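Novice: Mind having a look at this structure? Questions to follow.
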């Protein structure tokens, strides 16, 4: 297969398609409202479906609303590539859309050049990744549905190209990043009980200041994360004191705490340290406190062979390449529980995402798509070979 | 005057009068609603006025609603003693009322025993100390009015007996405390601007987390106060993050901060340290922050001669005596700007005040009143002597 020349993607078509899809569901400020299931979202998937109905390709919807496309008259197995077609309300033109259009571009390029792997690639535009509507149960709807679908058995792996949606790559001057996995996310509610008291007449030594437990915990979270795992992060996004008056020592306090790390073991360690810290601070402040986990999304670790393969492709393309963790969720997280999976990031200017400020330089959009194409070529060979199947590569 | 025996107060009458006034404006749970100007408050002052209309005493209202009483046919000057007759909504039976009734008891005891200083003592039940109603402009209405009234020139000093309203005395096993002054109170609003961001995709190093500035400031306030002045205190009673979601790095934060200290210089130093701390933390967190003073009540330092005199009386009565600062406001604060003033505290069980849980053991109520009587006898002599007046003490 290495003897076959690697085709170049059609950069102009890629950019034009991105611009085209960005107009479907766009508001006057350029932000996009393709909320899963709304008219614009249907129109977007219809455009994807129609665009892939070119001579020799076959495009179809599954029962969930995912849009797939592949070469006609192939029987699989296929390497799946793509991303999601929906946006958050007022979202950006690259989140999801870029990965979908890049996948479409890769398949069309392979098809047009009649590349040997063209028969073994399928594109997907996932339905409802963002999970905005009440019925979507947190999103990742289309990819989750596939994990229960017989079509899964016809697939050998999954690759997803995405904008980073954060500022890390730009800050480090990176052009391409193979993604090693997706952080797990755990959320907690900290509830503190102290003793409401007159803030004048009650000396420090006799207070049970619930506010101090919450403040000190919030102030300490960053150190706890960093000491356990330098790649982990945390956030205190909500804090409230009761009763909430300047001259009353808070008798109660509440905070919402979130932690993210690439491994479950790191999440476990941070959680344990946090429990210990809360207990110690509460004791010091003569309060009682409870830290209750309210949700947990498990960390996803991508297939090391596929990640290494993608990293090899990226390093061939640019020296500005370092592996990254994804700190946001993706369909790849769901699919990685069933198929060898990896992702590829290009930088997000300023780190902006989910807004009309989403931007990635054109050269990086092109570079990412070309890297996806080359990853597909290499991965198809590896994954088809390793799959227990009687099929023989056309090459 | 020392040759004249010190009379003993009528302890049974003191306790009965406290119980009696506690029934005026009492709710079913025993909490009291003599809110300045309401029917119960008028009834309370009417009871005080009527109670002092005994043979040989003269009781009257001034234009503001303060109730004064003194011996008939005396021409002053007088040492003023008393406290306030109103309560907060659902207040306790000792706040204000105890000091008023103790003063009434002292004058009646001196009058009945025909003590030489009886002609030079006037009692007061101040109108509207608590400042609950919108028209009361923060309270201290009656005492503030007196500072503008010609009657002020007929007075030589002011003594106020009060329950501590905090837990310090009980915690230290004190029975009596001469009060050296009343803390000044300054309030601030801390306003922080950062950058709202995705809590997953934004690494710690690239955040401008307004919540951390507020949390760290709240966590540091106690150390700042204690380092500047071990007797100062502070409180963060309110804290809020914007937009207030678990997965969003706070782009804004707000906190309400209060500090109290016995000297303006200490308040100035704490304020300066706080400004410095906020600026340093904001810089470290890549945020901007402003700390705006929203109110300031000046500290009151009582007359050292009178405080020393009261301390002498207390130490003669009990070894369980230490001077204290008052951390709550009192009419004595206002009067101390015009007349030599001191206060005397008895303990508050559990530190409770402004509720039906107000309690002081009977022996302390009696002890405080007897100490007030002895302070009045000693202070009248000292203050009459030092007043530029041609009057000669009857003794």
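Novice: Determine the shielding of peptide B:244-252 by partner chains: average, over its residues, the number of Cβ atoms on other chains within 10 angstrom of each Cβ.
Specialist: Details: counts 5, 5, 14, 8, 4, 4, 6, 0, 0.
The mean count of partner-chain Cβ atoms within 10 Å per residue comes to 5.
Novice: So, one more: Modelling each spin label as a point 7 Å along the Cα-to-Cβ direction, I'd like the residue A:46/residue B:171 distance in nm, to one decimal.
Specialist: In this crude spin-label approximation the distance works out to 7.2 nm.
Novice: Right, something else. Roughly what angle does helix A:210-228 make with the longest principal axis of chain A, taking Cα atoms, 0 to 90 degrees, to the nearest 10?
Specialist: Approximately 40 degrees, to the nearest 10.
Novice: Based on the Kirkwood radius over alpha-carbon pairs, what is the Stokes-Einstein translational diffusion coefficient of the range B:185-296 at 20 °C with 1.002 mPa s viscosity, in µm²/s?
Specialist: Estimated diffusion coefficient is 151 µm²/s.
Novice: When the helices in chain B are scored as -39500 (n - 2.57) per DSSP H run of 4 or longer and the sum is shared across all residues, what 222 nm value do you end up with, to the nearest 500 deg cm²/dmol?
Specialist: So the helix-based figure for chain B works out to -11000 deg cm²/dmol.
Novice: Over the Cα atoms of the protein assembly as shown, what is the Rg over Rh ratio if Rh follows Kirkwood?
Specialist: Checking Rg against Rh, the ratio lands at 1.23.
Novice: With a 10 Å Cβ neighbour count serving as the proxy for reagent exposure, in which order, fewest first, do A:158, A:327 appear?
Specialist: A:327, A:158
Novice: Could I ask something else about it? Between copies, how close do the residue A:304 label points come, placed 7 Å along Cα→Cβ, listed in nm from shortest?
Specialist: Here residue A:304 shows inter-copy label distances of 7.8 nm.
Novice: Starting with the fewest neighbours, write out A:358, A:256, B:160 ranked by other beta-carbon atoms found within 10 Å of each beta-carbon.
Specialist: In order of increasing Cβ crowding within 10 Å: A:256, A:358, B:160.
Novice: Test of understanding: ordering B:309, B:80 by Cβ neighbours within 10 Å, fewest first, what list do you get?
Specialist: Ascending Cβ contact count within 10 Å gives the list B:309, B:80.
Novice: According to the square roots a ≥ b ≥ c of the eigenvalues of the Cα gyration tensor, what is the shape class of the range B:238-289, taking rounded for a/c under 1.5, prolate for a/b larger than b/c otherwise, and oblate for the remainder?
Specialist: Working: a/c = 5.11, a/b = 1.97, b/c = 2.60.
Cα axes put the range B:238-289 in the oblate bin.
Novice: Something else now. Hey, what's the Kirkwood Rh for the range A:264-311 if you take every pair of different alpha carbons, in angstrom?
Specialist: Value: 13.5 Å, from the Cα pair sum.
Novice: Continuing with the same structure: For B:216-225, what's the mean count of beta carbons from other chains sitting within 10 Å of each residue's beta carbon?
Specialist: On the way: counts 5, 2, 11, 11, 3, 2, 4, 0, 0, 1.
Neighbouring Cβ atoms belonging to other protein chains average 4 per residue here.
Novice: So the label point sits 7 Å from Cα along the Cα-to-Cβ vector; using that for residue B:56, what distances do you get to the other copies, in nanometres, sorted shortest first?
Specialist: Label-point separations across copies, in nm and ascending: 12.3.
Novice: Can you list the copy-to-copy distances for residue B:135, using a point 7 angstrom from Cα toward Cβ, in nanometres, shortest first?
Specialist: Once sorted, the set of distances for residue B:135 reads 6.1 nm.
Novice: Regarding chain A, what is the average projected area of its C-alpha convex hull, in nm²?
Specialist: Averaging across all directions leaves 21.2 nm² for the Cα convex hull.
Novice: While we're here: Just tell me how shielded B:204-213 is by partners: mean number of partner chain Cβ atoms within 10 Å of each residue's Cβ, no decimals.
Specialist: What the average comes to for B:204-213 is 4.
Novice: Sticking to Cα atoms, compute the Rg of the range A:1-76 to one decimal and its Dmax as the biggest Cα-Cα distance, whole number, in Å.
Specialist: Rg then Dmax for the range A:1-76, in Å: 15.6, 49.
Novice: Angle check, please: helix B:11-22 long axis (alpha carbons) against the longest principal axis of chain B (alpha carbons), in degrees 0 to 90, nearest 10.
Specialist: 50 degrees
Novice: Right, another one. Which angle from 0 to 90°, rounded to the nearest 10, does the C-alpha axis of helix B:264-284 make with the longest principal axis of chain B?
Specialist: 10 degrees
Bear in mind these aren't lab numbers, they're just calculated from the coordinates by the rules spelled out. For clarity, every value in this text was computed on a predicted model and none was experimentally measured. Glycine gets a Cβ as well: all are built from the backbone with ideal geometry, and neighbour counts include every protein chain shown.
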